[in-house]
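Heads up: the structure comes next, in structure tokens.
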């Protein structure tokens, strides 16, 4: 990630800009945008597009449903995504799982808890390996929330290192 990239966090389905991860990321990465999204995946993507017009390239952090949003954006606009960091991404949900996008060569790092009971680990990994050609997939000793993991990640190195 270049420091001139936009940096955005896309929260999960039941979360918001006031959730734990968004607050943590604002403390550690003051330049990060943490907008709120509501509605279906289509409605959320429509809310995301105008925000993404504010920079030509982006580093995206997406959690769960926000990970699905980030993955869809990266697949639709691979030249605009410098880095994609996904936390237990909901890749197993439509439309990604129904018709997986064509492969893209965007640098993608995924953290997925081995105790996740919300998003299936193996199906997520299979879909990610099918779509993301430049993938680093970490299976961690955590659940879907990844609270332990997000507290310990070196965000600066992950994004700028």
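The values are calculated or read from the model by the stated rules, or taken from the named source; none is laboratory data. Keep in mind the model is a prediction, meaning the values are calculated, not measured. Note that we place each Cβ from the backbone using ideal geometry, even for glycine, and neighbour counts take in every protein chain shown.
Of all residues assigned to the range 128-143, none qualifies as being under 21 Å from residue 14 (Cα atoms), modelled with pLDDT of 95 or more, assigned to a strand (DSSP E or B) and within 14 Å of the chain's Cα centre (by Cα).
Which condition number in (1) free of Cβ contacts under 8 Å to residues at least 12 places away in the same chain; (2) farther than 24 Å from residue 39 by Cα is the one that residue 99 fails? That leaves (2) as the condition not met. Condition test on residue 106, is it modelled with pLDDT of 95 or more, buried (at least 19 other Cβ atoms within 10 Å of the Cβ), more than 15 Å from residue 88 (Cβ to Cβ) and touching a helix residue (DSSP H, G or I) at 6+ places or on another chain (Cβ under 6 Å)? Yes, satisfied.
Does residue 146 fit the bill of being at pLDDT below 95, under 15 Å from the mean Cα position of the chain (by Cα) and either surrounded by 16 or more Cβ atoms within 10 Å (Cβ to Cβ) or under 16 Å from residue 67 (Cβ atoms) (or both)? Taking the combined requirement at face value, the residue does not satisfy it.
Which residue, of 84, 72, is in contact with a helix residue (DSSP H, G or I) (Cβ under 9 Å, 6 or more places away or on another chain), touching a residue at least 24 places away in the same chain (Cβ under 8 Å) and under 23 Å from residue 148 (Cβ atoms)? Explain how you work it out, then say what you get.
Details: 72 fails: under 23 Å from residue 148 (Cβ atoms).
The conditions single out 84.
Test of understanding: among 25, 7, which residue is farther than 25 Å from residue 131 by Cα and surrounded by 15 or more Cβ atoms within 10 Å (Cβ to Cβ)? Let's see the steps before the verdict.
Values: 7 fails: farther than 25 Å from residue 131 by Cα.
That would be 25, the only listed residue that is farther than 25 Å from residue 131 by Cα and surrounded by 15 or more Cβ atoms within 10 Å (Cβ to Cβ).
Residues in the range 43-68 that are touching a helix residue (DSSP H, G or I) at 6+ places or on another chain (Cβ under 7 Å) and free of Cβ contacts under 8 Å to residues at least 40 places away in the same chain were compared, and the one that is surrounded by the most Cβ atoms within 10 Å (Cβ to Cβ) is 68. Residue 117: part of a loop (DSSP other than H, G, I, E, B), modelled with pLDDT of 95 or more and out of contact with any strand residue (DSSP E or B) (no Cβ under 9 Å at 6 or more places or on another chain), yes or no? Answer is yes for this residue.
Can you go through 85, 72 and tell me which one is crowded, with 18+ Cβ neighbours inside 10 Å and in contact with a strand residue (DSSP E or B) (Cβ under 8 Å, 6 or more places away or on another chain)?
Working: 72 fails: in contact with a strand residue (DSSP E or B) (Cβ under 8 Å, 6 or more places away or on another chain).
From the options 85, 72, the qualifying one is 85.
Please state which of the following conditions residue 62 fails to meet, knowing it meets all the rest: (1) assigned to a strand (DSSP E or B); (2) over 24 Å from residue 156 (Cα atoms). Answer for residue 62: the failing condition is (2). Considering only residues in the range 28-42 that are assigned to a loop (DSSP other than H, G, I, E, B) and touching a strand residue (DSSP E or B) at 6+ places or on another chain (Cβ under 9 Å), the one that is surrounded by the most Cβ atoms within 10 Å (Cβ to Cβ) turns out to be 37.
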